[in-house]
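Novice: Take this structure, written in structure tokens, and hold onto it; I'll ask about it next.
The values are calculated or read from the model by the stated rules, or taken from the named source; none is laboratory data. Given the structure is predicted, the values throughout are model-derived calculations rather than measurements. With ideal geometry, Cβ positions are generated from the backbone for all residues, glycine too; neighbour counts draw on all protein chains shown.
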Amino acid sequence: TFRIFLRGPEDVRILSKPPPWESWNIGRILLLGAVLGLGSLAWIGFLRHQVSRRTTELGISNTRLLAEVEERKRAQSELSRTLATEKELNQLKSQFISMVSHEFRTPLGVILASADLLSNYLDTLTPEERAEQIADIKQSTCHMADLMEDVLVLGRVESGKMGYHPHAFDLQEFCERLIDEMLSATNRRCPLPLTTEDIATPSRGDETLLRHILHNLLANGVKYSDAGRPVRLMVQRAGNNAVFTVSDQGIGIPAEDKKYIFEAFYRGKNASDRPGSGLGLVVVKRCIEIHGGTIQLQSTENVGTTVIVQLPLFRPAGETDMINRSDTAPAPQLP
Ligand code: ADP
């Protein structure tokens, strides 16, 4: 320890200033550094915690947003589907109205005219003329009844009321009866020769569905053929299937119409001069689907049309009622 006594400031001579750190207290510096370091570490930890919390929150809201987007997409596609169905239904409704007003007006006019003629001039008409008027009334009424039948059958099919109710029946007898009915319903406009091959074995199927199928195909054959032209029905057995071939030599279907003729209310370009609803083939197709069968159509304009329908009418017992309907496409709904 030294003690220096100075007499006055003049005794002090500063040689050079010491560097500033010499006056620092190392301990304090270290303490400060440690405090700062620990503070920074704590701050970084806090920030990291905040970031991870925000990341988790963002992740959750992102998932929620994605789910919402998905939900909206689903709702949107459902809405578009509903709109498309509604559009289709509206279109079908207007087609239905136009078909009914167009196809019913002519026969109604005929009925009214014939009824007027009969009531006003009954006494003056010859028996042949009376019979002719009565035949006109009958034909027009049958035509309207056929149209209504198509509409009602399709309505029943679409509402699921037309089920598959199989039972054993004699196919040969069924076909002969049907041909007789068709001949009388069409006033024997065209001959309907029937050929059968190997169908004597007991068959099992839904007669109602089969009747709708063959009635429509034969009626079309007669309607789209000139009077006197034969419309042939051939029935053969092929394994478990009965193969029905309906062929005519009528006006045929124009190539550009072929892909649409199974659509409701669609009628071929060359068919407008003949009465029809455009529903017959839709009914045929739906009944075939319910019966687990297939349909093929070959047609050449001005040459003729052949329709081949295969139905499983000869399946061994036990297999009989297993109709696979999974591949049936939904048909258009009626208004
Ligand atoms: P519709 O006969 O009442 O018009 P369909 O659904 O039975 O209705 O037939 C749809 C269309 O297919 C008909 O309008 C016609 O153009 C065509 N078509 C069906 N069958 C025949 C056929 N045998 N010959 C010619 N055209 C046919």
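Novice: Take ASN216 and tell me if it is within 18 Å of VAL153 (Cβ to Cβ), within 8 Å of the ligand (Cβ to nearest atom) and either touching a strand residue (DSSP E or B) at 6+ places or on another chain (Cβ under 9 Å) or part of a helix (DSSP H, G or I) (or both).
Specialist: Here the answer is yes, as ASN216 does meet what is asked.
Novice: Ok, one more. Scan region 90-102 and report the pairs whose first residue is farther than 8 Å from PHE265 by Cβ and whose second residue is not in a helix (DSSP H, G or I), with Cβ atoms within less than 6 Å and a gap of 6+ or a chain change.
Specialist: Taking only residues 6 or more apart or on different chains, the pairs are LYS93/PRO335.
Novice: Within the set of pairs 6+ apart or on separate chains, which have a first residue in region 135-150 that is at negative phi and charged (D, E, K, R), a second that is within 11 Å of the ligand (Cβ to nearest atom) and outside any helix (DSSP H, G or I), and C-beta atoms under 7 Å apart?
Specialist: Final answer for the pair search is ASP150/SER277; ASP150/LEU279.
Novice: Right, here's the next one. Examine region 274-282 for a residue that is more than 10 Å from the ligand (Cβ to nearest atom), of a type outside the set (Asp, Glu) and either surrounded by fewer than 21 Cβ atoms within 10 Å (Cβ to Cβ) or at pLDDT 95 or above (or both), and state whether such a residue exists.
Specialist: no
Novice: In the list ARG211, ARG229, which residue meets the criterion of being in a loop (DSSP other than H, G, I, E, B), farther than 24 Å from HIS102 by Cβ and among the charged types (D, E, K, R)?
Specialist: Checking each option against the conditions leaves just ARG229.
Novice: Exactly one of (1) at pLDDT 95 or above; (2) over 25 Å from GLN139 (Cα atoms); (3) within 13 Å of the ligand (Cβ to nearest atom) is unmet by LYS259. Its number?
Specialist: (1)
Novice: If you don't mind, another one. Pick out the one residue from ARG267, ARG237 that is of a type outside the set (A, V, I, L, M, F, W, C), surrounded by 16 or more Cβ atoms within 10 Å (Cβ to Cβ) and away from the ligand (no atom under 11 Å from the Cβ).
Specialist: Only one candidate passes the filter, namely ARG237.
Novice: Among the listed residues LYS285, LYS269, identify the single one that is among the charged types (D, E, K, R) and more than 15 Å from the chain's Cα centre (by Cα).
Specialist: LYS269
Novice: Are there any pairs with C-beta distances below 8 angstrom linking a residue in region 219-232 that is without any contact (Cβ under 8 Å) to a residue 24 or more places away in the chain and within 11 Å of the ligand (Cβ to nearest atom) to a residue that is in a strand (DSSP E or B) and among the hydroxyl-bearing types (Ser, Thr, Tyr), with the two at least 6 apart or on different chains, and if so which?
Specialist: none
Novice: Turning to a different aspect of this structure: Of the residues THR195, THR245, which single one is within 13 Å of the ligand (Cβ to nearest atom), outside any loop (DSSP other than H, G, I, E, B), modelled with pLDDT of 95 or more and not aromatic (Phe, Trp, Tyr)?
Specialist: THR245
Novice: In addition: Which one of the conditions (1) in a loop (DSSP other than H, G, I, E, B); (2) within 23 Å of GLY276 (Cα to Cα); (3) more than 16 Å from the ligand (Cβ to nearest atom); (4) touching a residue at least 12 places away in the same chain (Cβ under 8 Å) does ILE179 fail to meet, given that it meets all the rest?
Specialist: Tallying (1) in a loop (DSSP other than H, G, I, E, B); (2) within 23 Å of GLY276 (Cα to Cα); (3) more than 16 Å from the ligand (Cβ to nearest atom); (4) touching a residue at least 12 places away in the same chain (Cβ under 8 Å), ILE179 fails exactly one: (1).
Novice: Separate question: Given the options ARG211, ARG188, ARG204, name the one that is within 16 Å of the ligand (Cβ to nearest atom) and of a type in the set (D, E, K, R).
Specialist: Just a single option satisfies the conditions, and that option is ARG211.
Novice: Continuing with the same structure: Could you check region 285-305 and list, in sequence order, the residues that are within 12 Å of the ligand (Cβ to nearest atom) and either farther than 18 Å from ALA242 by Cα or in a strand (DSSP E or B) (or both)?
Specialist: Selection gives ILE295, LEU297, GLN298, SER299, THR300, GLU301, ASN302, VAL303, GLY304, THR305.
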